[in-house]
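Every number in this text was worked out from the coordinates using simple rules, so none of it is lab data. Quantities reported herein were computed from a predicted structural model and do not represent experimental measurements. So basically every Cβ, Gly included, is an ideal-geometry build from the backbone, and we count neighbours across all protein chains shown.
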Amino acid sequence: MVQPSPQLVETDLAEPRWLVCHTRPRCEKKLAALLAAEELSHYLPLITSVRRYGASTKKFTKPLFAGYVFVQVSALRKARIYQQDLIARAIEIEDEARFLRQVEEVRAIVASGYELSVRPLLTRGRRVKIVGGPLRGLEGFVDDPANPQGVVLAVDVLQQGLLVKLPAENLQILP
């Protein structure tokens with residue numbers, strides 16, 4: 001059995017890789033502060049939210065992707081991101097070039113100032129459950145990716161389905 005040279009292993013461990021950190025609830029900003037203190041490259045996309053409480057209006061920033069912070073860290077320093085128990089798990093990025101391209105797109109969209117919101121990615125054949133409205137509790141699948149609001153509810157005995165147009169916020173993606 002051939003053993004890798006110690007120099008090769010140390011170099012691989014020192015090479016920073018991007019991770020998606022799934023945080024504990026409401027810990028995104030705390031983790032970002034920790035990463036900044038540790039001088040680790042990271043990105044937490046924040047958007048401005050406005051809430052009205054009676055006659056008063058409050059503006060605050062909140063994470064675009066609730067529960068997620070992107071961080072670049074080497075395997076040698078990875079333990080540091082777990083030091084304050086802010087992370088539930090860290091997800092490794094398989095295709096870093098694609099990930100970085102998408103992060104730059106997110107940065108551009110956030111910087112544009114346009115109003116935006118996060119929606120589940122609804123693709124053809126994706127199983128969903130209706131969680132709002134009069135059809136709550138029914139399950140079906142997305143029929144047309146060009147119109148992801150079209151959900152087919154199957155009537156198996158007839159080998160047919162019913163296409164129902166619903167708002168995306170009324171759909172929950174099923175595993």
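What the table below lists for this structure:
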read-out	value
Inter-label distance for Asn170 and Ala36, nm, one decimal - labels placed 7 Å from Cα along Cα-to-Cβ	4.2
Gain upon complete extension [Gln160, Tyr82; 0.36 nm per residue less C-alpha separation]	23.0 nm
Within the chain: Cβ-based charge dipole about Cα centre, in debye rounded to nearest 20 (Lys, Arg +1; Asp, Glu -1)	960
Neighbourhood charge, 13 Å Cβ-Cβ cut-off, centred on Arg89 and excluding it, Lys, Arg +1 and Asp, Glu -1	0
Rh by Kirkwood over Cα pairs, then Stokes-Einstein D for the chain at 0.692 mPa s and 37 °C, µm²/s	167
Top of Ala88, Ala79, Ala55 by mean-square fluctuation, Gaussian network on the chain, Cα under 10 Å	Ala55
